[in-house]
Amino acid sequence: MGLRVAVVGGGLGGLAAALTLRRAGVDAVVYEQAPVLREVGAGVVVAPNMVRLIGRLGLGDALARCAVWLEAAFEFRRWENGQVLYAQPMGEACERMYGANLHTAHRADLLAMFQNALPAQAVRLDHRFVALDQDDAEVRLTFAHRAGGETKVHADAVIGADGIHSAVRPLIVTEVEPHFCHLSAFRALIPVEKAPECARRPVQSLWLGPGRHVVHYPVSGGRLVNVVAIVPAGEWLLESWTADGDLSDFAREFETWDENVRQLAAAAPSTKRWALYDRSPLERWTSGRVTLLGDAAHAMLPFFAQGAGQAIEDAAVLARCLREADRDSVPQALLSYEATRRPRAGRVQLMSRGRADYNHLPDGPAQRERDAGLRDGDFLRHSAWLYGHDVDAEPLLP
């Protein structure tokens, strides 16, 4: 191995970055503060732009074993009676158009897939990032441990892949207060045998209603159904994927909805809840030998289901930029990575805005116009800018 790269954060983006960098001949090591890698976020939509990159890492078969190959997606349903407003066939049609199909997966399964592909010494658990300093030659990092004590690490480059509440990001750019969207999300995993029949199919469904919507799809090889419900936040202000929600609050939000939605809410054994905050694209990702990746760089609202996909794209471009770099050229390589990735990631961030308003229209003329537009749509073809983009083929910007 050549360059020494420290990846701060052991989520999907951090593990994918380490694996992609190591395949490019870079000595990348992940430092994660948790004592074990664990699920955070439950379901993940694995879109074609992400599937292709996973396949190029040699993990296509592993993905097929843990993910669900969708027959249809963007199945929009009316809140009160389940009327299907639009459904997009996927499968072979998607593969013909984009070289890969849309999948859904449990985040823990994807984490395990990436971790199993890495050598044991490439993932260091119980390493909480504390500080760093850098000069023209290297970066020096300090990590703390739960039992006490610290570890010093020297690296040629540092990748901050430590999520929405990144500890690395404030060292690069001034923190900007996120905008509260006055919405929150309930999340639940339901055993498939307890879910209504419509939720057991290999289909991504979206129920649209006044002020709220529900998304569900199977994960874990079809053994579980992932449910995400976007509702008014009320007094819920906590932005945390691990905070427990109240099942009675979850059910109450949908007590007048179609029986299938009520059954999903009633079948949830537990729920997590988090408040939704919008963030504008950062003015920069990089300072010297330190850069950002994934949610640390471009945290986005969930309405395009591209958070994980954009992190994997980051990893692929980062590896291309560092593959030919030496220790002296690392800062320039990281600036090239930022210049190449920031416009596209920022576009996805901005496109995610306003989608809640579209999904949450009250019944009336605007809602009927939206529903008519859905029936005339072609979501698969309209997603070409997102699903068809190949980061391995795009030119690297200086």
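The values are calculated or read from the model by the stated rules, or taken from the named source; none is laboratory data. Quantities reported herein were computed from a predicted structural model and do not represent experimental measurements. A quick note on method: Cβ atoms are made from the backbone with ideal geometry, for glycine too, and the neighbour counts reach across all protein chains shown. What goes into the accessible areas is simple: the full protein's heavy atoms, side chains included, and nothing from ligands, DNA or RNA. Shrake-Rupley method; radii C 1.70, N 1.55, O 1.52, S 1.80 Å.
Quick check on the stretch 1-60: take the gyration tensor over C-alpha atoms, sort the square-rooted eigenvalues as a ≥ b ≥ c, and tell me if it's rounded (a/c under 1.5), prolate or oblate.
Working: a/c = 2.89, a/b = 1.11, b/c = 2.60.
Verdict is oblate for the stretch 1-60.
In what order, largest first, do 154, 103 sit by accessible area if the probe radius is 1.4 Å? Let's see the in-between values first.
Numbers: 154 90, 103 20 Å².
Sorted by accessible area, descending: 154, 103.
Taking every pair of alpha-carbon atoms in the stretch 142-279, what share in percent sits in each 10 Å bin, from 0 to the bin with the longest distance?
With a bin width of 10 Å, the distribution comes to 10, 32, 25, 18, 12, 2.
Hey, what's the Cα Rg ratio for the stretch 265-398 versus the globular rule of thumb, 2.2 N^0.38 Å? Display every interim value, and only then the final one.
Numbers: Rg = 18.8 Å, N = 134, 2.2 N^0.38 = 14.1 Å.
Dividing the Cα radius of gyration by 2.2 N^0.38 Å gives 1.33.
Give the separation of the Cα centroids, the stretch 80-112 to the stretch 342-398, in Å.
15
Heavy-atom accessible area per residue, the chain, 1.4 Å probe: how many Å²?
Details: 16410 Å² over 398 residues.
Using a 1.4 Å probe on heavy atoms only, each residue of the chain averages 41 Å².
Give me the net charge of residue 244's neighbourhood, meaning all other residues with Cβ under 14 Å from the Cβ of residue 244; Lys, Arg count +1, Asp, Glu -1.
On the way: positive: 187, 272, 273; negative: 246, 249.
The answer is +1.
Classify the chain as rounded, prolate or oblate from the Cα gyration tensor: take a ≥ b ≥ c as the square roots of its eigenvalues, call it rounded if a/c is under 1.5, otherwise prolate when a/b beats b/c and oblate if not. Display every interim value, and only then the final one.
Working: a/c = 1.82, a/b = 1.64, b/c = 1.11.
Prolate, because a/c is 1.5 or more and a/b exceeds b/c.
Stretch residue 235-residue 116 to full length: gain in nm at 0.36 nm per residue minus the Cα-Cα span? Don't skip to the end; give the middle numbers.
Values: separation 119, 0.36 × 119 = 42.84 nm, distance 4.09 nm.
Difference between extended and current length: 38.8 nm.
Extension gain residue 370-residue 355, at 0.36 nm per residue separation less the Cα-Cα distance, in nm? Intermediate values should be presented prior to the final figure.
Details: separation 15, 0.36 × 15 = 5.40 nm, distance 1.21 nm.
Working it through step by step, the gained length comes to 4.2 nm.
What does the C-alpha gyration tensor say about the overall shape of the stretch 33-82? Classify as rounded when a/c is under 1.5, otherwise prolate if a/b is larger than b/c, or oblate. Could the numbers behind the result be given before it?
Working: a/c = 2.95, a/b = 1.43, b/c = 2.07.
Judged from the Cα gyration tensor, the stretch 33-82 comes out oblate (a/c at least 1.5, b/c at or above a/b).
Probe radius 1.4 Å, ligands and nucleic acids left out: which of 37, 208, 396 has the largest accessible area, and how do the rest follow? Can you show the working numbers first?
On the way: 37 40, 208 0, 396 65 Å².
Descending accessible area places them as 396, 37, 208.
What number in nm² do you get for the stretch 1-149 if you take the convex hull of its Cα atoms and divide its surface by four? Please report the intermediate quantities before stating the final value.
On the way: hull surface 50.1 nm².
Mean projected area of the Cα convex hull: 12.5 nm².
With a 1.4 Å probe and all protein chains left in place, how much of the accessible area of the chain comes from carbon and sulfur atoms, in whole percent?
Numbers: 8260 of 16410 Å².
Here it works out to 50 percent.
Helix 365-375 against the longest principal axis of the chain: what's the angle in degrees, Cα atoms only, rounded to the nearest 10?
Between helix and principal axis, roughly 70 degrees.
Which angle from 0 to 90°, rounded to the nearest 10, does the C-alpha axis of helix 330-351 make with the longest principal axis of the chain?
Helix 330-351 sits roughly 10 degrees off the main axis of the chain.
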